[in-house]
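The values are calculated or read from the model by the stated rules, or taken from the named source; none is laboratory data. What you see is a predicted model, and the numbers here were worked out from it, not measured in a lab. When we count neighbours, we look across all protein chains shown, and the Cβ atoms used for this are built from the backbone with ideal geometry, even at glycine. For accessibility, only protein heavy atoms count, side chains too; no ligands or nucleic acids. Shrake-Rupley method; radii C 1.70, N 1.55, O 1.52, S 1.80 Å.
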Amino acid sequence: MISNDSLVLYKNSPAVIVSSEAATGKYTVKFQSTAATATKKAVYSTQNIREKDFVFLYNGPVNLEKSIELSLNQDLMQNYKQLVKEAQELILSDSDICNNIFTLEDLSVFAGLDIDGENYFAFYLSVAGSFSFVRDEKSFADGKILFRARPMEETLSLEKKALEKEQEGELRQGFIQRLKDGKLLPGDAKFMQEVESFALGQCEKSKVMHEAHFKETVERAHKALLDTGIWSIFRNPYPMRYGLSTKSANISLSLPPEEDRFEVPGISFAIDNEWSTDPDDAIGFDGKYLWVHIADPASTVMPGSQIDENARGRGATLYLPEGAVRMLSEDCLEEYALGLKEKSRALSFKILLDQNGNVEDCEVLKTFVHVKRLTYFQADELKETAELKPLFEIAQLNEKRRIKNGAVSIEIPEIHISVDLDKKSIQIQETPKPESAAVVREMMLLAGEGAAKFAFRNNIPFPFITQESPDIPKDLPEGLAREFRLRKCMRKRSVGVTPGSHGGLGLGFYSQVTSPLRRYGDLIAHMQLRAFIDGKPLLDKDTMLERISAGDAAAVASHQAERKSRMHWILVYLLSNPLWTGDAVCVDNSGKIPQFFIRELGLEAMINPGRDVELNEIVKVKGSNINLPELTCDFIVI
C-alpha cells in the first residue's frame, strides 16, 4: 500500500498522494497545474486517479513544492548530471553488472549520493534526461522505474549530435538576428533557401519568417531577399510564383510528315514587329481569294500526346521582357514557323469575300507556301505595290464592315519592354502603330471568322469565342479619355463549343486560329480542322470543352505572370533611372483621385495633382516611394 505524501509521476510531472480508498482502488493526487510567473503564483490541483495512471517514485512524506523547487536549481542539476556520468562509467567498468537494470536508489549509490524525498525528483530528471542511462520501458509500463547503462560509444554519439544541434540552434538564432538587421553573412545563404522557396510560391509557410517575426507573405519574403542581397532587383519571381516554368517546352516535335499539300501560287507575306522571332502567319491575295496561312504544328502534335498535354498545361507561350518561354519547343520554329525556309508548310484559309467584305466561303487546306518576311514599316512602304495594295483595301473594307456591325475599336498606346539580364539593362519603347499592323489584324480576324463558319457548317466541335455587345454611353469624352471609358464598357469574353456572336469585334462567328505555335486554343482548333480534312475521328464536344477550359485556365496564369512581370520591370527601370520624368494624361477625373495614363511607361496610376484636372490634361510626373516587392509606386506631379 502506497502511503500518503508519497512522490509519484503523473503525466510525467511530479505529484504526491493525498489520500487513497482501498475499496475503489482510487488515489487522490496533488500536482502543479500552473507554473509560477512574474505575476502569478504556482497553482496546485487535485485529481482522483487509478494506480495504473501514475508511476511510483519515492515513499513519503515528500514536500511537493520543495521537490519542484530543487528540480529547478541549475547548480544542483549540473552537479547531478556530472555524478550520473560517473555512475555510468563505474557500472560499465564492471563486466558482471554492466548489463543489469538498476533502480534510482541503486544509481544514487553508484553516484555517491544520499538522496531524500525532496531531491528525489531532481535526481530522477538527471538520470532520465541524460545520455548515460536509458529507461527500461517494460518496467515503466508496469509502474516501476528501472534504468540500464547506455554503452559509452552510443552515449558519445548522442552527446555529439546534441552538441551539434545546440550549436546549430545558436547559429540559427544568430542568423535570425542578422536577418532582422538585414546584414547576413555568406554562410547564412543555406538558411535563406526556405525564404526563397516561400517567395517563389513553392511552399505555403516559412519557419524562418515566423521566427524573425516577419509577416508571412511572399512580398515580405521578397523584401527580405532584397534587403540581404540574396536577390537583386533584377530577379523576376512572378513566373515561378504562378507555378509556371521558366524554360520552354523541351519535347521536340517530329519532322512534318510527308503528305499531299496544295502549293499556293505567288508570294505571301509574313508581316510583324522587327523583334518578332516566331512568325506564325502570312497573308496573300490571288485576285479572287484572300489567303491566310498559319503555321502547322498540328501536323505532328496529336490529340492526347505528351506534347499536347504539356502545351495544354502551359496554355500559351509566356512572353516576358527577359525572353519568351515557349509553349512548344524552341527547335520547332525552324520547321514550323513561316518564312524561315524557301518553302513553308501551312494550314491555309482560302477565303472568298463578297462585295461588302463578308466571308462568303472559307476552305481549309494543307499547303506549301512561299513566304517573304516584312517588318511593319517595310510593308507600309510597299503598300501601293500590286501584291500588297489589295490586302490594304480588304483590311479597310473589313474594318468598316465590323464597325457598321457594332465593333468597338480601342486605341490605347502599348509599350515593348526588353531586358538584358547579362548587361542589367532595360529598354522601354512605345509599340509603333503602322498601317500594316491594322492590315494584319483584320486578316487574322477574317481567318478567325472563316474558320468558325467552316466549323459550324461542318458540325465540328470547335473553340468558339463569344462576347456580349457593350453598352456604350452617348456622352463619350474625346482623346485618350475616350479609349479608357470605352474599355470600361466591354464585357468579358467566353470560350466554349457553342457558337455565337462577338459583339466587341462586330462578328457573327469568331474563333482564334492564327497562333497555334503560341496559344493552346489555336492549336486544338487546328487539330480538329486537320482531323476533319483527313477524315479522322473528331474530339467530341465534352472532351473539347474540358481541354479548352484547361488550356484557358493555364493561359490566364501566364497572362497574370506577364502583367506582374511587366510591372516589375517598369519599377526596376525607375529604380535604375531615379531622375526619370514623364507625361501623364488624365483619363478619368470622376473619383476622389484622378486616374492618369503614363504613355512612356504604358502604365495606369492614380495620381493626386493637388488640384482639379480636366480630362486629357497632361501633367509632368516622377516616381517616388517605389516598393518593388509590393509592385507599388507613387507618382508625384512636378
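Structure notes:
- Residue check for L603: surrounded by fewer than 18 Cβ atoms within 10 Å (Cβ to Cβ), within 32 Å of the chain's Cα centre (by Cα) and within 11 Å of G623 (Cβ to Cβ): no
- Residue in the range 71-86 that is open to solvent by 60 Å² or more (accessible area, probe 1.4 Å), within 21 Å of K144 (Cβ to Cβ) and in contact (Cβ under 8 Å) with a residue 24 or more places away in the chain present: no
- Qualifying strands (runs of 3 or more DSSP E) (wholly inside the range 355-444; at least 3 residues being over 41 Å from the mean Cα position of the chain (by Cα)): 359-375
- Within the range 558-638, strands (runs of 3 or more DSSP E) holding 2 or more residues that are in contact with a helix residue (DSSP H, G or I) (Cβ under 6 Å, 6 or more places away or on another chain) and more than 18 Å from L320 (Cβ to Cβ): 582-588, 618-627
- The listed residue being more than 24 Å from G357 (Cα to Cα), of a type in the set (A, V, I, L, M) and free of Cβ contacts under 8 Å to residues at least 24 places away in the same chain, out of L480, L476: L476
- Residue in the range 135-143 that is in contact with a Ser or Thr (Cβ under 8 Å, 6 or more places away or on another chain) and either of a type outside the set (A, V, I, L, M) or part of a helix (DSSP H, G or I) (or both) present: no
- Contact map, the range 179-193: first residue open to solvent by less than 90 Å² (accessible area, probe 1.4 Å), second residue of a type in the set (D, E), Cβ cut-off under 7 Å, separation 6 or more or different chains; pairs are G182/D227.
- Just one of the numbered conditions (1) open to solvent by 30 Å² or more (accessible area, probe 1.4 Å); (2) within 14 Å of D280 (Cβ to Cβ); (3) within 18 Å of the chain's Cα centre (by Cα) is not true of R326: (1).
- T466 being in contact with a strand residue (DSSP E or B) (Cβ under 9 Å, 6 or more places away or on another chain) and either open to solvent by 40 Å² or more (accessible area, probe 1.4 Å) or of a type in the set (D, E, K, R) (or both): no
- Considering the range 419-445, and only residues there that are over 30 Å from V359 (Cβ atoms) and of a type in the set (A, V, I, L, M, F, W, C), the residue that is surrounded by the fewest Cβ atoms within 10 Å (Cβ to Cβ) turns out to be L421.
- Test: residue in the range 15-33 that is surrounded by 12 or more Cβ atoms within 10 Å (Cβ to Cβ) and not in a strand (DSSP E or B): no
- Filtered residue count, the range 627-638, keeping only those that are open to solvent by 50 Å² or more (accessible area, probe 1.4 Å) and either over 16 Å from W580 (Cα atoms) or within 37 Å of the chain's Cα centre (by Cα) (or both): 5
- Residue tally, condition closer than 30 Å to G201 by Cβ, without any contact (Cβ under 8 Å) to a residue 24 or more places away in the chain and not hydroxyl-bearing (S, T, Y), over the range 605-626: 2
- Matching option when the condition is over 30 Å from the mean Cα position of the chain (by Cα) and of a type outside the set (V, I, T), among G623, G591: G591
- Where a residue in the range 197-219 is farther than 18 Å from D181 by Cβ and among the charged types (D, E, K, R) and its partner, wherever it lies, is open to solvent by 80 Å² or more (accessible area, probe 1.4 Å) and at pLDDT 95 or above, with Cβ under 6 Å and at least six apart: E219/E630
- Residue within the range 338-354 that is touching a Ser or Thr at 6+ places or on another chain (Cβ under 6 Å) and among the aliphatic types (A, V, I, L, M) present: yes
- Pair list, Cβ under 6 Å, 6 or more apart: the range 564-581 residue at positive phi, other residue part of a helix (DSSP H, G or I) and crowded, with 19+ Cβ neighbours inside 10 Å: none
- In the range 40-48, the count of residues that are surrounded by fewer than 20 Cβ atoms within 10 Å (Cβ to Cβ) and under 30 Å from T155 (Cβ atoms) is zero.
- Screening I593 on (1) over 30 Å from L244 (Cβ atoms); (2) touching a strand residue (DSSP E or B) at 6+ places or on another chain (Cβ under 7 Å); (3) open to solvent by less than 60 Å² (accessible area, probe 1.4 Å) shows it passes everything except condition (3).
- Of the criteria (1) touching a His at 6+ places or on another chain (Cβ under 9 Å); (2) surrounded by 21 or more Cβ atoms within 10 Å (Cβ to Cβ); (3) charged (D, E, K, R), which one K453 fails: (1)
- Look at (1) open to solvent by 30 Å² or more (accessible area, probe 1.4 Å); (2) within 30 Å of F269 (Cβ to Cβ) and you find that G479 fails only one, number (2).
- Among all residues of the range 48-65, there is none that is hydroxyl-bearing (S, T, Y), more than 58 Å from the chain's Cα centre (by Cα) and not in a strand (DSSP E or B).
- The range 254-269 residues that are without any contact (Cβ under 8 Å) to a residue 12 or more places away in the chain and within 20 Å of K288 (Cα to Cα), paired with ones that are among the aromatic types (F, W, Y) and open to solvent by less than 50 Å² (accessible area, probe 1.4 Å) (beta carbon under 9 Å, 6 or more apart): none
- Screening D471 with (1) more than 35 Å from the chain's Cα centre (by Cα); (2) within 23 Å of I271 (Cβ to Cβ) gives one miss only, at (2).
- Residue selected from the range 219-265 under the condition among the small types (G, A, S) and open to solvent by 50 Å² or more (accessible area, probe 1.4 Å), by the criterion nearest to C332 (Cα to Cα): S252
- Matching residues in the range 553-572 - criterion: being hydroxyl-bearing (S, T, Y) and under 13 Å from N236 (Cα atoms): S565
- Residues of the range 297-323 that are within 23 Å of G339 (Cα to Cα) and either surrounded by fewer than 24 Cβ atoms within 10 Å (Cβ to Cβ) or touching a Pro at 6+ places or on another chain (Cβ under 7 Å) (or both): P297, A298, S299, T300, T317, L318, Y319, G323.
- Residue in the range 143-150 that is surrounded by 14 or more Cβ atoms within 10 Å (Cβ to Cβ) and more than 20 Å from Q88 (Cα to Cα) present: yes
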